[in-house]
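The values are calculated or read from the model by the stated rules, or taken from the named source; none is laboratory data. The structure displayed is predicted, hence computed values, not measured ones. Counting neighbours? That spans all protein chains shown, and the Cβs are built from the backbone with ideal geometry, glycine included. Quick note on the areas: whole protein, heavy atoms, side chains included, nothing else; ligands and nucleic acids left out. Shrake-Rupley method; radii C 1.70, N 1.55, O 1.52, S 1.80 Å.
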Amino acid sequence: MTLNRVLISGGGTGGHIFPALSIAAAIKRRNPDAEILFVGALGRMEMEKVPAAGFEIVGLPVAGFDRKRLWRNFGVLLKLWKSMRRARKIVKDFRPDIAIGVGGYASGPTLKAAQKAGVPTLLQEQNSFPGVTNKLLAKNAKAICVAYEGTERFFPAESIVLTGNPVREALLTNKLSPAEAKQKLGFDPARPLVLVVGGSLGARTINEAMEAGLDKMLDGNTQIMWQTGRNGEETGRRAAEGRKDVKATPFITDMATAYRAADLVVSRAGACSISELQLLGKPSVLVPSPNVAEDHQRKNALALADRDAAVMVLDCDAVAQLPDTVNKLMADEAARKRLSENILKMALADSDTKIAEIAEKIVTKK
């Protein structure tokens, strides 16, 4: 049975938004006439990214709890109450066959409203350590699609399906050779390249480590493509000035080519980034962000490091250790090959299609 009316909710970060868009695209491939409505949080990045991808979105005034300044949460509770009312109306008016939640502020009120209205729900959990929203919704979900083994500690075992995380299709369809990709990006195609990415806003610690360690990392034959993020643009510009082997940019528009060019990737340990590295078989150094709920990035990184599928450098150690770690790996091709082989073994392909198929089965059973 095809899906005709699908509600997809969540967002806040690319780690939630990109899987949601991939799932929507997979549903559309299977049924071009499907109506898909996204529900996001007003003021968050999904309100721009989703329309840019060609899908309709409505926003809720929901916001996250302030764990440090508890007195501010009265306003948060008021926004949550308004969001619940708005979500109930959205579900009633749209009449979805199924509601899919990908985590993030908006998915809580939306999926809860769907469950109360008798609409079957599917959760997609990107991380090895689930977020609070998905844990609260799991009991009444028909299926929970996960990317890591061992989530029985958090979710009902009978509802769990290991699908992996959907990733952007363009990353998997790029057919350039590494040399061609380097040349396209303006680098010497014959020399190794390190790709450094810290997200759209940037990772302050990674940027500080890069600034402090550039001389050391460029002492050999290495070239560096460094995505600084918006907040690190000045740092990157200043550090890269006059260095022909470094390109620092606040944002990389063609990540598919950047990944193809990279001999080693330095990255945060967000679930989407890790899934991309797994599917592409990229040797990597992961610097998990400490500023995330439940310290889930460190747990994501450990899931790889424990399998010798990546090297982990803690955020607090990055300035001191990252340059030497990069140099050691760039000097050891066998180690990079081993990391590449091991991370590729963890990859789960066609996740978006699998999730769309599971959603169809749920609606058929209903």
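Shape of the stretch 140-277 from its Cα gyration tensor (a ≥ b ≥ c, root eigenvalues): rounded if a/c is under 1.5, otherwise prolate when a/b > b/c, or oblate? Prolate.
The angle between the Cα long axis of helix 296-305 and the longest principal axis of the Cα atoms of the chain comes to about 50 degrees, rounded to the nearest 10. Among the protein heavy atoms of the chain, carbon and sulfur supply 51% of the accessible surface, probe 1.4 Å, non-protein parts ignored. For Met255, the accessible area of its heavy atoms, probed at 1.4 Å with every protein chain present, is near 20 square angstrom.
Placing unit charges on the Cβ atoms of the charged side chains and taking the dipole of the chain about its Cα centre, the candidate lying farthest along the positive direction among Val62, Val196, Met346 is Val62. Packing around the peptides 87-94, 49-56, taken as the average count of other Cβ atoms within 10 Å per residue, puts them in this order, highest first: 87-94, 49-56.
Each residue, Thr364 and Glu56, gets one label point 7 Å from its Cα in the Cβ direction; the gap between the two is 2.8 nm. Centroid-to-centroid, using Cα positions, the stretch 110-172 and the stretch 320-354 are 27 Å apart. Over all pairs of different C-alpha atoms, the stretch 152-193 has a mean inverse distance whose reciprocal, the Kirkwood radius, equals 13.9 Å. Taking a 27 Å limit on the Cα-Cα distance, which of the listed pairs Lys216/Lys299; Lys139/Lys299; Lys82/Lys361; Lys135/Lys365; Lys92/Lys142; Lys28/Lys282 fall beyond it? Result: Lys216/Lys299; Lys82/Lys361; Lys28/Lys282 exceed 27 Å. For the set Lys139, Lys282, the ranking by accessible area, highest first and with no ligand, DNA or RNA atoms included, is Lys139, Lys282 under a 1.4 Å probe.
Computed extension length for Ala335-Glu180: 53.4 nm, one decimal, from 0.36 nm per residue of separation with the Cα-Cα distance subtracted. Within the stretch 315-341, whose backbone N sits under 17 Å from a point 7 Å along Cα→Cβ of Asn231? Label zone hits: 315-319. Its relative contact order, with pairs defined as Cα atoms under 8 Å and 6+ residues apart, puts the chain at 16 percent. A 1.4 Å probe run over the protein chains yields, for the chain, 46 Å² of accessible area per residue, whole-number rounding.
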